[in-house]
Amino acid sequence: IEIYSLHVDCKVTSRFAHTVITSRIVNRANESREATFEVELPKTAFITNFSMSIDGKVYPGIIKEKAAAQKEYDTAVSRGQSAGLVRIRDRKVELFHVSVSVAAASKVTFELTYEELLKRQLGKFELLLKVRPKQLVKHFQIDVHIFEPQGIRFLETDSTFMTNELTEALTKVQNETKAHILFKPTVDQQKGNSELNETLLNGDFIVRYDVKREATAGDIQIVNGYFVHYFAPSEMPVFPKNVIFVIDRSGSMAGRKIEQTRDALLKILQDLRPEDHFNFITFSNKVAEWKSSLLPATEENVASAAAFVHTLSAMGGTDINNALLAAVGELDGAESLPERSVSMVILLTDGQPTSGERNVEVIQKNIQKAINGKYALFCLGFGFDVSYKFLEKMALSNGGIARRIYENADAALQLQGFYQEVATPILMQIEMQYPENAIEGLTKNNFKLFFEGSEIIVSGKISNELDLLPVEIKAQSHTSDLTLTEEANVKEKEQVFQNQKYIFGNFIERLWAYLTIQQLLEKSISAQEEDQKALEAQALKLSLQYSFVTPLTSMVVTKPSDQQQAELANKPTEAG
């Protein structure tokens, strides 16, 4: 079966990426064959559309409520066909996989569309496109258009498979606010070796960029009555951190995991600032504090901590409850910490609680009561034996986030990368305020912490005929309390996006829906049961209205009637 054309078409308008992947396949054999369409897409994206057309007849994917779709296709389940079309592939991507039988000399076109809001991390946005055609493709091209009204500060492409020949197939054109990247290798350029018909195209194609920022109160953009407000201050003094690392050294961490943890901690120690305070708590079935209180990160203390990290070994059970309570107790009792500083607990564990308190709900309650909003808790789950759901709920209930660390060669880098994201808090208690009577459906607008290199995004619907949208941002920096104000002229802002071929429909409205769904789902994780149902109902309604495949919806992929029944594409989540 031959893929004769593969196009990846991606439009990024003001961080919101809309990607369409079209694969055209022909069966040149004289009997029917199975044609497969596989796309690796970012976990952060939502699929919005899929269709197959076979000899001109279109078979669309239909998005329905997940529970209803599952019931409807129970028959397919009982026939054992319901492996689902989407599964988590690795740390960053999930795999969409569908196959269909194609008659001799017939053609099939697959088309998948997905959307995502690019998230700024460590000072840049990253658009990740996975390229694995597994064969030479006559017409292959990746087309990326970027339009950023704030202006493009820098732009780079990166790839895991480039050769000198392939570099010749890559062109980049950019001006102040727009960029176009085209990668169009010929069949000869795709070959690694002229004798062999094997493709070099196998891996990541990445576009990284950042935008210019002038306005202190961020940047507001408006299309068709919906606004988005981006806020990412920089060059501000960094808050001193008080951080306690709570490290699992139970038996299951033995071997490579504890080695990778040691490597990461040694690097992280080097990144501590002199004004930071820190300590280690290690736990198996027993909880041990490295020092009885937090120490300033002087050269001497960091060296002594490094010596301690070298001795970390793993054996015994897992008492998460007492380890975290010890960390909170230590922060509560700490004296002589800098007055304006940020306190956080970073937990790394690879398993279920097996010693001390084992009931995860009790542990969650204990920790939330002890932390009581004073500190941020970040939970890193190492591998797949952890109860990720438990860690995620605990982190989100206590002002932090959870992250799964994949057991790969780069686990130490994953740990370090996570630490770098939270290493430089520059604002606390950020409140983004808008005129109450003029905005509907406002997304989350108060944030506990802002880290250098990230970005705050707030979106909503401007309800009445406003001419000016006033904005006020209140926040605490290390040195002072800030109030920033800005006024956006609605008509002028709407003009920015007129006659732009880069725009796909009401992109700010779709961005608003995407962000609202993500936040409702995140909120429901740590909510009480009755609130959880209301949040999910709201997220479901939006998912259906804007046709997003989210954890609450399914896409029913229909096939020709002579083939097996329809299949379901569901959105996998890290918590499974």
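Observations on the model:
- Peptides ranked, highest mean first, by Cβ atoms within 10 Å: ranges 47-53, 199-205: 47-53, 199-205
- Surface composition of the chain: carbon and sulfur make up 46 percent of the accessible area, probe 1.4 Å.
- Over segment 241-423, relative contact order from alpha-carbon pairs under 8 Å, at least 6 apart, %: 24 percent
- Between helix 529-545 and the chain: long-axis angle, C-alpha atoms, 0 to 90°, nearest 10: 30 degrees
- Available extension along the chain between Ala29 and Lys57 is 8.0 nm, counting 0.36 nm per residue and deducting the alpha carbon span.
- Acute angle (nearest 10 degrees) that the helix 411-422 long axis makes with the longest principal axis of the chain, alpha-carbon atoms: 70 degrees
- Principal-axis tilt of helix 299-310 within the chain, Cα atoms, nearest 10 degrees: 60 degrees
- C-alpha center-to-center spacing [segment 420-461, segment 191-242] in angstrom: 18 Å
- Potential lengthening between Lys448 and Ala105 on full extension [0.36 nm per residue; Cα-Cα distance subtracted]: 117.5 nm
- Virtual spin-label span in nm between Ile206 and Glu259, 7 Å along Cα→Cβ: 2.5 nm
- The alpha carbons of the chain stretch over 78, 61, 54 Å along the principal axes, in descending order.
- Distance between segment 305-371 and segment 507-576 - C-alpha centres, whole angstrom: 34 Å
- Among the GluC sites (Glu not before Pro) found in segment 114-174, those both in a DSSP coil and sparsely packed, with 12 or fewer other Cβ atoms within 10 Å of their Cβ, are Glu168.
- Length gained when the stretch Val187-Thr311 is fully extended (0.36 nm per residue, less Cα-Cα span): 39.2 nm
- In the chain, helical runs assigned H by DSSP with n ≥ 4 each contribute -39500 (n - 2.57); averaged across all residues and rounded to the nearest 500, the mean residue ellipticity at 222 nm is -7000 deg cm²/dmol.
The values are calculated or read from the model by the stated rules, or taken from the named source; none is laboratory data. On a predicted model such as this, the values are computed, not experimentally measured, just so you know. Note that each Cβ is placed from the backbone with ideal geometry, even for glycine, and that neighbours are counted across all protein chains shown. For the accessible areas, the whole protein counts, side chains as well, though only heavy atoms, and no ligand, DNA or RNA atoms are used. Shrake-Rupley method; radii C 1.70, N 1.55, O 1.52, S 1.80 Å.
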